[in-house]
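Everything below concerns the one structure shown next.
The values are calculated or read from the model by the stated rules, or taken from the named source; none is laboratory data. Note that the structure is a prediction, hence the values are computed from the model and not measured. Glycine gets a Cβ as well: all are built from the backbone with ideal geometry, and neighbour counts include every protein chain shown.
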Amino acid sequence: MAIEKRWFSERDLEQGDASALTELNALRQELEERIAHLLADNSDQADLLALAMRAGALGAGKRMRPLLLMLVARDLGCVTPGLIDVACAVEMVHAASLILDDMPCMDDAKLRRGKPTIHVQFGEDVAILASIGLLSRAFCVLAAAHDIPPAVRAQLVATLAETVGAQGLAKGQFLDLRGGQRSASEIATTNELKTGVLLGATVDMAAIIAQSDDRVAQSLRAFALATGQAFQLRDDFQDLAGNDSAITGKDTGKDLGKSTFINTVGADEARRRLAGHLQDAERYLVDALGPRQRTRRFMRSMFAQARPEVRPEVRPDLRRAPELGPRQFADVNAGVPAAAAAGSANLH
């Protein structure tokens, strides 16, 4: 069963916040159209490589990373038209990484975002080449992003390139495949490389374009790393056997026998860690952006399903954070196995 392409609704954001909802869906529409344009359909059905690249990049995901980049930049006061191409480049890199992650020699996944994975649709050879094609296209788009000075573009290219290689996504996937039995701290390192570094690059690039100072950039990076840990924990709960793939949008039970936080420290402790990471993410985002609401509202929508079964103790420095409304980052379902993923299934 394919997942319906689901954009953001009033339930995702604060009730009645029509202007935020309109802005978010407009950005999402802009991203969809721009990615489709950058990966133009040549109408040649025999060109499996082009079709596979489009299928990988134009799936039903929520576009969390490119939207995060654009919202952070806007909260930092930057609205240059070049933001859209920078955001699209990040999404192409993410899509390329998912194609490789799903390969039989990697996670051997058959379902992604409610549809057959790219190697299932087009074959393993085409899938590998489509991933390479998306990576190449991403850097071409980034290097030519309009309305961004050449020196800034060079910095953006360097930031994203470092994220892909042996310091980031590639190393994270390697550790996940070959890590064996690992401690909780080693699992956290793998999760940071698999998810946190690309989120970190996303907010780093927003800060670079907005010419933010070091304090803001450091707080944004800390926010991204905490959020990356939270997303990986959420994925671990979604992967538990018995979850419905029609809801999660991807295979479940793939982590059986692997070293995950749930398998290592237990579900209750994993829930506490998830809630703690979300509180850390909120605190760092407040440090970086102050009272600005775009990014904070969006991040609440990523996790706002239900309340956690287990809450961590409130840390003293969190008590000074401003009130954010009825739903805080930690007001989430921190991994109830069967149905928690319905609204945030397409984070990846």
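The C-beta contact set for segment 132-151 (first residue at positive phi and exposed (fewer than 12 other Cβ atoms within 10 Å of the Cβ), second residue outside any helix (DSSP H, G or I) and of a type outside the set (A, V, I, L, M, F, W, C), distance under 8 angstrom, 6+ apart or interchain) comprises Asp147/Thr80; Asp147/Pro81; Asp147/Gly82.
When segment 138-151 is filtered for residues that are assigned to a helix (DSSP H, G or I) and farther than 29 Å from Met106 by Cα, the ones remaining, listed by number, are Ala143, Pro150, Ala151. Taking Val126 as the residue in question, decide whether it is assigned to a helix (DSSP H, G or I), over 24 Å from Met302 (Cα atoms) and in contact (Cβ under 8 Å) with a residue 40 or more places away in the chain. Taking the combined requirement at face value, the residue satisfies it.
Inside segment 113-129, can you point out the residues that are closer than 24 Å to Lys62 by Cα and in contact with a Leu (Cβ under 6 Å, 6 or more places away or on another chain)?
Phe122 - this is the single residue of segment 113-129 that is closer than 24 Å to Lys62 by Cα and in contact with a Leu (Cβ under 6 Å, 6 or more places away or on another chain).
Can you name the residue in segment 152-170 that is closer than 18 Å to Met106 by Cβ and surrounded by fewer than 18 Cβ atoms within 10 Å (Cβ to Cβ) and is also modelled with the highest pLDDT among such residues? If we take residues in segment 152-170 being closer than 18 Å to Met106 by Cβ and surrounded by fewer than 18 Cβ atoms within 10 Å (Cβ to Cβ), then Ala170 is modelled with the highest pLDDT.
Considering only residues of segment 34-88 that are of a type outside the set (S, T, N, Q) and on the phi > 0 side of the Ramachandran plot, which is farthest from the chain's Cα centre (by Cα)?
At the first step, the residues of segment 34-88 found to be of a type outside the set (S, T, N, Q) are 34-41, 44, 46-79, 81-88.
Subset that is on the phi > 0 side of the Ramachandran plot: 63, 77.
Values: Arg63: 7, Gly77: 23 Å.
That would be Gly77.
Residue-wise test of (1) among the hydrophobic types (A, V, I, L, M, F, W, C); (2) touching a helix residue (DSSP H, G or I) at 6+ places or on another chain (Cβ under 6 Å); (3) farther than 23 Å from Leu156 by Cβ; (4) without any contact (Cβ under 8 Å) to a residue 60 or more places away in the chain.
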site: Leu39; (1), (2), (3), (4): yes, yes, no, no
site: Gly61; (1), (2), (3), (4): no, yes, no, no
site: Met64; (1), (2), (3), (4): yes, yes, no, no
site: Val72; (1), (2), (3), (4): yes, yes, no, no
site: Leu76; (1), (2), (3), (4): yes, no, no, no
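Those helices (runs of 4 or more DSSP H) of segment 192-258 in which 2 or more residues are over 27 Å from Leu76 (Cβ atoms) and modelled with pLDDT of 75 or more occupy 214-239. Just give me the residues in segment 174-187 being over 20 Å from Cys105 (Cα atoms) and surrounded by fewer than 20 Cβ atoms within 10 Å (Cβ to Cβ), in sequence order. The answer is Arg182, Ser183, Ala184, Ser185, Glu186. Counting the residues of segment 271-288 that are in contact with a Ser or Thr (Cβ under 6 Å, 6 or more places away or on another chain) and farther than 18 Å from Glu192 by Cα gives 2. Taking the options Ala87, Ala95, name whichever one is within 22 Å of Leu142 (Cβ to Cβ) and either aromatic (Phe, Trp, Tyr) or without any contact (Cβ under 8 Å) to a residue 40 or more places away in the chain (or both). Going through Ala87, Ala95 in turn, the sole match is Ala95.
Of all residues in segment 152-167, which are assigned to a helix (DSSP H, G or I) and without any contact (Cβ under 8 Å) to a residue 24 or more places away in the chain?
Within segment 152-167, Arg153, Ala154, Val157, Ala158, Ala161 meet the criteria.
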